[in-house]
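The values are calculated or read from the model by the stated rules, or taken from the named source; none is laboratory data. Everything numeric in this text was worked out from a predicted model, so none of it was measured. Using ideal geometry, Cβ is built from the backbone for each residue, glycine included, and neighbour counts are taken over all protein chains shown. Accessible surface is based on the protein model in full, side chains and every heavy atom, while ligands, DNA and RNA are left aside. Shrake-Rupley method; radii C 1.70, N 1.55, O 1.52, S 1.80 Å.
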Amino acid sequence: MLSWIISSVHLLTLGLGLGSAVARGRALSKVKEVGDLSSVFLADNLYGGAAFLWISTGVWRAFGGLEKGTDYYLGSNLFWIKMMLFGTIFLLEMYPMITLMKWRKKLKKGDEINLKSCKELSNLTYAQVALISVIVFIATAMARNLYY
Ligand code: HEM
């Protein structure tokens with residue numbers, strides 16, 4: 001029962017994560033003035049929530065005995081490829097995450113925000129969208145014991 005619920009949440013997180021990442025990339029590419037940042041921050045909050053859900057449900061599934069067991073995943077090449085891709089997404093996310101946190105603080109203080117990096121942040125977000133899509137193929141192969 002628990003395995004069914006957690007795997008459903010893990011799968012639903014894909015919709016939330018991929019959707020909010022695409023929305024953030026799009027919102028960033030359309031920013032003309034500071035007022036346009038509200039849709040960026042909304043998508044960013046949802047994307048942050050998805051990251052939390054992916055990690056918590058993923059770790060629970062891999063190491064909490066809900067699926068094939070810890071030894072299976074630690075010995076699975078696909079699992080490590082998935083973790084490497086997830087780590088790469090995390091690294092690509094460092095600059096956008098820190099920049100948007102700084103912009104929220106500046107907005108609160110009424111300080112000026114230099115929006116010239118919006119295009120770069122949008123490109124970094126779309127690169128993450130591509131990697132999330134690759135992870136889906138790796139994850140479904142792993143779930144079916146392909147290429148252990
Ligand atoms: C971008 C992040 C992630 C995406 C898009 C993703 C996607 C998926 C998908 C689509 C499945 C279902 C595969 C299927 O049943 O056909 C799955 C299963 C799974 N995921 Fe993730 N996942 C992500 C992150 C993680 C993380 C961080 C972990 C662990 C630390 C993890 C561990 C697992 C496990 C253990 C399964 C079950 C595989 C099985 O049935 O044996 N996932 N993932």
Inset, instruction - Could you tell me whether segment 15-25 includes any residue that is in contact with a helix residue (DSSP H, G or I) (Cβ under 8 Å, 6 or more places away or on another chain), exposed (fewer than 14 other Cβ atoms within 10 Å of the Cβ) and modelled with pLDDT of 95 or more? - result: no
Inset, instruction - Could you list all residues from segment 67-88 that are more than 8 Å from the ligand (Cβ to nearest atom), touching a residue at least 12 places away in the same chain (Cβ under 8 Å) and not in a helix (DSSP H, G or I)? - result: G75, S76
Inset, instruction - For segment 53-66, indicate whether the set of residues that are more than 16 Å from the chain's Cα centre (by Cα), loosely packed, with under 12 Cβ neighbours inside 10 Å and not basic (K, R) is non-empty. - result: no
Legend entry - Close pairs from segment 26-40: first of a type in the set (S, T, Y), partner exposed (fewer than 13 other Cβ atoms within 10 Å of the Cβ), Cβ under 7 Å, at least 6 apart: S29/K119
Inset, instruction - Just need a number here: residues in segment 11-64 that are assigned to a loop (DSSP other than H, G, I, E, B) and either more than 11 Å from the ligand (Cβ to nearest atom) or among the basic types (K, R) (or both). - result: 4
Inset, instruction - Filter segment 37-47 down to residues that are open to solvent by 40 Å² or more (accessible area, probe 1.4 Å) and among the small types (G, A, S), then give me how many there are. - result: 2
Inset, instruction - Considering only segment 89-129, state which residues are within 16 Å of the ligand (Cβ to nearest atom), over 30 Å from W4 (Cβ atoms) and either surrounded by fewer than 13 Cβ atoms within 10 Å (Cβ to Cβ) or aromatic (F, W, Y) (or both). - result: L91, M94, Y126
Legend entry - Members of segment 132-142 that are near the ligand (Cβ under 6 Å from one of its atoms), open to solvent by 30 Å² or more (accessible area, probe 1.4 Å) and in contact (Cβ under 8 Å) with a residue 12 or more places away in the chain: V136
Inset, instruction - Please go through segment 97-148 and pick out each residue that is of a type in the set (V, I, T), in contact with a Leu (Cβ under 9 Å, 6 or more places away or on another chain) and in a helix (DSSP H, G or I). - result: T99, T125, V129, I132, V134, I135, V136, I138, T140
